[in-house]
1. I need a count of the residues in region 386-399 that are surrounded by 11 or more Cβ atoms within 10 Å (Cβ to Cβ) and outside any loop (DSSP other than H, G, I, E, B).
2. Can you name the number of the only condition in (1) assigned to a loop (DSSP other than H, G, I, E, B); (2) in contact (Cβ under 8 Å) with a residue 60 or more places away in the chain; (3) more than 28 Å from residue 660 (Cβ to Cβ) that residue 579 fails?
3. Could you please find all residues in region 860-896 being surrounded by fewer than 24 Cβ atoms within 10 Å (Cβ to Cβ) and not in a strand (DSSP E or B)?
4. Quickly run through region 814-841 and pick out the residues that are within 30 Å of residue 905 (Cα to Cα) and either at pLDDT 80 or above or part of a helix (DSSP H, G or I) (or both).
5. Would you point out the residue of region 727-747, among those that are touching a residue at least 40 places away in the same chain (Cβ under 8 Å) and surrounded by fewer than 17 Cβ atoms within 10 Å (Cβ to Cβ), that is nearest to residue 423 (Cα to Cα)?
6. Out of (1) at pLDDT below 90; (2) surrounded by fewer than 20 Cβ atoms within 10 Å (Cβ to Cβ), what's the single condition that is false for residue 365?
7. Only one residue in 264, 234 is assigned by TED's automatic domain parsing to the domain that holds residue 131, at pLDDT 90 or above and out of contact with any helix residue (DSSP H, G or I) (no Cβ under 6 Å at 6 or more places or on another chain). Which one?
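The values are calculated or read from the model by the stated rules, or taken from the named source; none is laboratory data. These numbers come from a predicted model, not from an experiment. Glycine gets a Cβ as well: all are built from the backbone with ideal geometry, and neighbour counts include every protein chain shown.
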């Protein structure tokens, strides 16, 4: 303090030294003392007032920041660099797909990758003393404070880049002394922790820059450079750098693009151009560009550099795929975040799961992740084109939708969902989510992953035949009954029914799968239901089963409470292609953070479901579906050959059509139906099943065009050890007996060596069979041999014991050639105990015909010529006889051997010479002629034909076996 006063005194003496002159000393002494005292008092007052004001200011500042925590370097680093960055999505092979859609698109860039022009432009515009200050500029703060207090109309910014960074990343935009004080304190601390380059880099990544050409909000200089000019931040020119640097002052006022995308009009562009010129002037004044550069940049037509909008939005271009990848990534991130907080996967239910899904969604949109999928870009795009161009979906049908709160009738199109999975890894290579924009009424509904529908007969290998083969309850050669049965507990109705509403008798499991018969499947499922076959579905990734589904017999036909998704159904089929091991399908290969660190990577895990033998047996029977069963149309439509095995399926009331098939490399599944279930049946040349199967084949052809090696592997499904070939009797599935061999009923198939037949068939005996049309009956002892044939007879009691059913005997035998001479012993014709009535015969030319006898026990007819039997005609044959000239009659014979009285006699051909009238009996020419009697029928004057060999005429050929049409599917 004394030193200060001394200095003031010396300066005062120097200033007023003339007063000490001898001439004036005396007169000015009093005045000098007064002035000195006044100056001394003033100096003391200023110093004390400044000290008091400083102390008061410091105290006030301290009171404003008293609640602000003392932040560490780590905390400030986390806050400063915690800016949102858009996450990126990729196809397989690191092929860029697009960005995750967010409210603000941003892409981080390192400072060395930012053009020096852009750095200089920002500093010259926002903080010319950036490299000199320590975080704040006192005179700028005082100026801003004065303007605030005086409410000056013209204000200049008082914030450095450091302060702006603090405001954007840690504090808020609130206008208050409290917030400003904290900003100053944190800016000083930030400058103490970080160097200028780090602060500048963070600022350049944080600042907002209006909209890009597509109308989306952007932040950070890299997103700005790309969004405005289509170049990287390191490649911007001087005028481009100046335009970008000027935008943070008013991002949406200076942006050249409209909210919906596209360039603004000329008048609206002018503010941004004017701002660019202001920035250029500051760069020139700050000697950051030369005068020549300044003039050239000022005159540059920046409008020509603004890029045009492009359709690069992932959601617009790949809506189903983008949303699906994002949703799966959120699920994975939610689990990761929960695990970091100490939770286990089982804990993520209800509100807790929703909470972590929200956190994961926020992380995905802000943290700049790189999400790598398994989707093959070329196959995926080829599939979308096939779906768009396919002409045979069938008609749209009326449906009621709630639109804007009102129920409205709309025409609903047939929708589709499909998926292609690599068997060995579980990678989802492609999928079809629906028919897309402009067609689908539910454009956000992914029919491959979200839609749950009954899977029809595609369930049979999964829930019935696969488990039955595994449990030893059946093998491909096992015999199953396809007859009317009552398999619905509590109901007296016959259930289930086949697609054709017909039955086919005793069939092998293989044939039942090929033709997709329902009754054998439900019968076999009933037999194994106590062993919980649903456990195999759960092992194969079916997650939608209810407790009722595990006991309902209709589940064997795919009728589930909730249904299954295309992905789950297709994925389950890969189990058979993987030698009985289930590999869960996946779409997210890995997720990395913005530094490239892997935070998630998929690990393939195998679940043992079936033995390799069971898997191969199931694959082998499903080969027949394509080669000779319900999906033969697929084989003919494919442009390439491969070892395919698959299964068709149809939902209740024909509401769903399915086809799933595997080759050694991939499994592909396809569903079609209406979003509001209704019958797919429609008039036209193609059935609903054929329409679905043809589309499946077209998708496979498209994938083959992209990757032939994938779709047409050079290998087939390998037959494992433990598979043997065995012969069996087609009646029982047991070891053939001599009688079975003589009957021609021996078949051969493959078996798991553990479950080959061990007992011999003893179901057959010999007997004689009587035919009436396509029906056959057991002959009686008195049945004439001429109307019966030797055949094989099955014991009905044996069939009941074997299959546990009491069926109509006539329903048990297939209507196929090799079964023609086999009869169930219970098939006996009832004899009415009386002689048949005489048939009604008539002649026409040289033929005799008669009608079917009204009595049911008539088994044949005898033809007599001139009183001698010349033919025996079975009741099921053509009822007629061609013979030579003579007098004929016909009798009917019943199964007991009773013969009717003769029919009325009929004349064929000319009367014999000895029966002609004598010459003398001729009527004289002049006498009237007598009329001929009705019996003397005039015949053609042709030479007498030689009669045919007089033996019983052969029986008519049995009709071919009934099979489902190859381009249709089965009813569930």
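1. Taking region 386-399 and keeping what is surrounded by 11 or more Cβ atoms within 10 Å (Cβ to Cβ), we get 386-388, 390, 392-397, 399.
Of the ones still in play, those that are also outside any loop (DSSP other than H, G, I, E, B) are 386-388, 397, 399.
Residues flagged as surrounded by 11 or more Cβ atoms within 10 Å (Cβ to Cβ) and outside any loop (DSSP other than H, G, I, E, B) within region 386-399 amount to 5.
2. That leaves (3) as the condition not met.
3. 866, 867, 876, 877, 878, 879, 883, 884, 885, 896 - these are the residues of region 860-896 that are surrounded by fewer than 24 Cβ atoms within 10 Å (Cβ to Cβ) and not in a strand (DSSP E or B).
4. 833, 834, 835, 836, 837, 838, 839, 840, 841, listed by residue number.
5. Per the stated criteria, the residue is 744.
6. (2)
7. Working: 234 fails: out of contact with any helix residue (DSSP H, G or I) (no Cβ under 6 Å at 6 or more places or on another chain).
Of 264, 234, the one residue that is assigned by TED's automatic domain parsing to the domain that holds residue 131, at pLDDT 90 or above and out of contact with any helix residue (DSSP H, G or I) (no Cβ under 6 Å at 6 or more places or on another chain) is 264.
Every residue, every condition in (1) at pLDDT 80 or above; (2) surrounded by 20 or more Cβ atoms within 10 Å (Cβ to Cβ), yes or no:
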position	(1), (2)
82	no, no
102	no, no
115	yes, yes
121	yes, yes
129	yes, no
142	no, no
147	no, no
